[in-house]
Amino acid sequence: GESVGLHLPTLSVQEGDNSIINCAYSNSASDYFIWYKQESGKGPQFIIDIRSNMDKRQGQRVTVLLNKTVKHLSLQIAATQPGDSAVYFCADEGFQKLVFGTGTRLLVSP
Amino acid sequence: SQTIHQWPATLVQPVGSPLSLECTVEGTSNPNLYWYRQAAGRGLQLLFYSVGIGQISSEVPQNLSASRPQDRQFILSSKKLLLSDSGFYLCAWSRWGGNTEAFFGQGTRLTVV
């Protein structure tokens with residue numbers, strides 16, 4: 001069935017470094033992808049999205065890359081800050097069904 | 001502006017008791033609605049989603065059910081809770097038609113004892 005998976009459960013970085021969080025998806029029909037940030041005890045919050053007709057999209061300090069050939073998605077966070085520490089999820093939306101991956105915990109140390 | 005309300009925030013229920021979690025959305029019409037469950041330290045498992053009143057798609061066989069009695073109301077229910085039903089339940093909405101972000105409620109932490 002459709003699923004979105006992540007390669008790494010935990011990513012530890014130093015403050016100021018760039019972070020890269022990866023995600024693999026399995027549904028070839030997926031046409032919309034979203035990255036969410038979830039802080040402890042809260043609901044996920046939208047970070048950035050990308051449609052399948054694009055391969056790169058940039059936001060404030062964040063960039064999402066989409067490689068449809070290998071069904072891979074990544075989130076790059078520039079100059080990572082302590083406030084970026086959270087769990088990051090990619091999600092795949094197709095036919096109005098939104099499916100989440102396992103998640104990656106990002107730990108930022110000073 | 002659109003808002004989503006989910007309640008209660010926390011709930012402790014005995015095994016075998018019924019469950020009813022409610023989610024309502026304001027400020028939009030005909031939203032897609034979703035129920036997710038999140039075990040501690042894990043990802044979000046899609047339980048149910050709905051693209052319209054009375055239209056419910058179930059993703060995982062379980063003792064839970066969902067209903068959408070009104071356009072902006074989504075209810076998660078169980079007749080008899082199991083210990084394995086414990087978790088963090090999240091309701092979300094997105095604009096009908098898809099290809100847009102989903103907005104989440106603050107979640108309900110359910111502990112079945």
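At a Förster radius of 45 Å, what calculated FRET efficiency corresponds to the Cβ-Cβ distance of A:ASP55 and B:ASN63, to the nearest 0.05? Kindly include the intermediate steps, with their values, before the conclusion.
Values: r = 43 Å, r/R0 = 0.95.
Computed FRET efficiency for A:ASP55 and B:ASN63: 0.55.
Among the protein heavy atoms of the protein assembly as shown, carbon and sulfur supply 50% of the accessible surface, probe 1.4 Å, non-protein parts ignored.
Exceeding 25 Å between C-alpha atoms, which entries from my cross-link table qualify? They are A:LYS37/A:LYS71; A:LYS68/A:LYS97; A:LYS37/A:LYS68.
none
Taking the Cβ of B:PHE88 as the centre, find all other residues whose Cβ is under 12 Å away and add up their charges (Lys, Arg: +1; Asp, Glu: -1).
Values: positive: A:LYS42, B:ARG37, B:ARG42, B:ARG109; negative: B:ASP85.
It works out to a net charge of +3.
Of the residues A:GLN81, B:VAL15, A:PRO44, the one whose Cα sits farthest toward the positive end of the charge dipole of the protein assembly as shown, with +1 on the Cβ of Lys and Arg and -1 on the Cβ of Asp and Glu, is B:VAL15. Measuring nothing but alpha carbons in region A:22-81 and taking Rh as the Kirkwood radius, the Rg to Rh ratio lands at 0.98. Bridgeable aspartates and glutamates around A:LYS56 (alpha carbons under 18 Å apart, same-chain partners fewer than 8 residues away excluded): A:ASP31, A:ASP92, A:GLU93, B:GLU101. Only Cα pairs under 8 Å and 6+ residues apart enter the sum, and on that basis the relative contact order of chain A stands at 38 percent. When Rg and the Kirkwood radius Rh are both evaluated on Cα atoms of the protein assembly as shown, their ratio Rg/Rh stands at 0.97.
All Cα-Cα distances of chain A, cut into 5 Å bins from zero to the largest, leave 2, 13, 25, 26, 19, 10, 4, 1, 0 percent in each bin in turn. Here the ratio of the Cα radius of gyration of chain B to 2.2 N^0.38 Å is 1.01. Per residue, the protein assembly as shown exposes 47 Å² of accessible surface when a 1.4 Å probe is rolled over the protein heavy atoms with every protein chain present. Peptides B:44-52, B:92-100, A:79-87 ranked from most to least packed by the mean count of surrounding Cβ atoms within 10 Å: B:44-52, B:92-100, A:79-87.
The values are calculated or read from the model by the stated rules, or taken from the named source; none is laboratory data. These numbers were taken from a predicted model, which means no experiment stands behind them. For neighbour counting, all protein chains shown are included, and Cβ atoms are generated from backbone atoms with ideal geometry for every residue, glycine included. All accessible areas refer to the heavy atoms of the entire protein, side chains included, with ligands and DNA or RNA removed. Shrake-Rupley method; radii C 1.70, N 1.55, O 1.52, S 1.80 Å.
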